[in-house]
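Notes to accompany the following structure.
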Amino acid sequence: MAQELLILPVVVPIVFWAAYHYHKDRHLPEPAGNLVLSFVLGLVAAAISKGMYLSLEPFGLRLDAVALAGENSLALLAYAVFAIGPIEELAKMLPFLVVVLRFKAFDEPLDGIVYASFIALGYAAVENYYYLEFLTAFESAARGFAGPVIHILFASIWAHWITSAHLAGRPWWGPALLGFLLAAFLHGLYDFMVLLEPVTALPIAAAMIAGIWIWRLRLMHRLHEDAVRETDGN
């Protein structure tokens, strides 16, 4: 029982954010099986991410970000922007491109954000589970709710761009690349600020996350309203 309680900081936030996104997609909800599969793809993405980090070792490029924060801020910035951000966003985006775009139920603009969010939840679950042994109960609970939000927000950037092109019948490679580059840069910049000097940088990082959250919230509301009008019009 004690061991089961220890993973609550991982499980409870995942259930909460999964329910939140399922509610947001209430007009034309996605099949539960697709959502579960997307979550599993997030677990796969975490494994892909680990493999990419390990691939840096032979080149001497797999670094300790926490150590860099206290030793060399420029090296930390480079590592965050050119390694952490790209690796983690690419790992989440690959299953989206290979599997999710082929779902028959993938038929409205909001679907991309919903599916990408479930992939992000799977990724965050693995990441939060890994950090359990290094954090206090309070820190684990805080990270449990915050970690998924970070991955969800950055994944929503490339997911929206890809989905818009895909459903319009346009090539999605260009939007995927641009969305990936933007998400990876913002992700890396966020990690840099959080790791470098938390006391002074956290407000800036929080403002960035709040801005992306507001953009995403408004976007999801607009896409939902568009879907309702389109359905009513038919």
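The values are calculated or read from the model by the stated rules, or taken from the named source; none is laboratory data. Everything numeric in this text was worked out from a predicted model, so none of it was measured. Backbone-built Cβ (ideal geometry, glycine too); neighbour counts: all protein chains shown. Heads up: the accessible areas ignore ligands, DNA and RNA and are worked out on the full protein's heavy atoms, side chains in. Shrake-Rupley method; radii C 1.70, N 1.55, O 1.52, S 1.80 Å.
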Residues in segment 156-167: is at least one in contact with a Lys or Arg (Cβ under 9 Å, 6 or more places away or on another chain), in a helix (DSSP H, G or I) and open to solvent by 40 Å² or more (accessible area, probe 1.4 Å)?
-> yes
Please name all residue pairs, on different chains or six or more residues apart, with Cβ atoms under 8 Å, provided the first residue is in segment 59-75 and is without any contact (Cβ under 8 Å) to a residue 24 or more places away in the chain and the second residue is open to solvent by 70 Å² or more (accessible area, probe 1.4 Å).
-> Arg62/Leu54; Ala75/Leu63
Looking only at segment 198-227, which residues are open to solvent by 40 Å² or more (accessible area, probe 1.4 Å), in contact (Cβ under 8 Å) with a residue 40 or more places away in the chain and over 16 Å from the mean Cα position of the chain (by Cα)?
-> Asp226
Mind checking whether some residue in segment 169-177 is surrounded by 14 or more Cβ atoms within 10 Å (Cβ to Cβ), part of a helix (DSSP H, G or I) and at pLDDT 95 or above?
-> yes
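Going by the conditions given, is Trp173 in contact with a Gly (Cβ under 6 Å, 6 or more places away or on another chain), without any contact (Cβ under 8 Å) to a residue 40 or more places away in the chain and closer than 26 Å to Val99 by Cα?
Working: in contact with a Gly (Cβ under 6 Å, 6 or more places away or on another chain): no; without any contact (Cβ under 8 Å) to a residue 40 or more places away in the chain: yes; closer than 26 Å to Val99 by Cα: yes.
Taking the combined requirement at face value, the residue does not satisfy it.
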Looking only at segment 123-137, and only at residues there that are among the hydrophobic types (A, V, I, L, M, F, W, C) and farther than 17 Å from Leu43 by Cα, the one that is most open to solvent (accessible area, probe 1.4 Å) = Phe134
Failed item, numbered, when Ala105 is tested on (1) aliphatic (A, V, I, L, M); (2) part of a helix (DSSP H, G or I); (3) farther than 24 Å from Met52 by Cα; (4) open to solvent by 10 Å² or more (accessible area, probe 1.4 Å) = (2)
Specify which of the listed residues (Ala78, Ala67, Ala116) is part of a helix (DSSP H, G or I), at pLDDT below 95 and either on the phi < 0 side of the Ramachandran plot or surrounded by 20 or more Cβ atoms within 10 Å (Cβ to Cβ) (or both).
-> Ala67
Which condition does Pro13 not pass, out of (1) more than 26 Å from Leu181 (Cβ to Cβ); (2) in contact (Cβ under 8 Å) with a residue 60 or more places away in the chain; (3) in a helix (DSSP H, G or I); (4) open to solvent by 60 Å² or more (accessible area, probe 1.4 Å), if it passes all the others?
-> (4)
State all residues of segment 113-139 that are of a type in the set (A, V, I, L, M) and under 20 Å from the mean Cα position of the chain (by Cα); if no residue qualifies, say none.
-> Ile113, Val114, Ala116, Ile119, Ala120, Leu121, Ala124, Ala125, Val126, Leu132
Checklist (1) among the hydrophobic types (A, V, I, L, M, F, W, C); (2) over 25 Å from Ala159 (Cβ atoms); (3) touching a residue at least 24 places away in the same chain (Cβ under 8 Å) applied to Ala78, failing item | (3)
Could you figure out which of (1) at pLDDT 90 or above; (2) surrounded by 20 or more Cβ atoms within 10 Å (Cβ to Cβ) isn't true of Ser140?
-> (1)
Spot the failing condition for Lys50; the list is (1) basic (Lys, Arg); (2) touching a helix residue (DSSP H, G or I) at 6+ places or on another chain (Cβ under 7 Å); (3) part of a helix (DSSP H, G or I), and only one is missed.
-> (2)
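Here is a yes/no grid of residues against (1) open to solvent by less than 70 Å² (accessible area, probe 1.4 Å); (2) not small (Gly, Ala, Ser):
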| residue | (1), (2) |
| --- | --- |
| Ala18 | yes, no |
| Lys24 | yes, yes |
| Pro29 | yes, yes |
| Ala46 | yes, no |
| Leu74 | no, yes |
Among the residues listed as Ala45, Ala18, the single one being modelled with pLDDT of 95 or more and in contact with a helix residue (DSSP H, G or I) (Cβ under 8 Å, 6 or more places away or on another chain) | Ala45
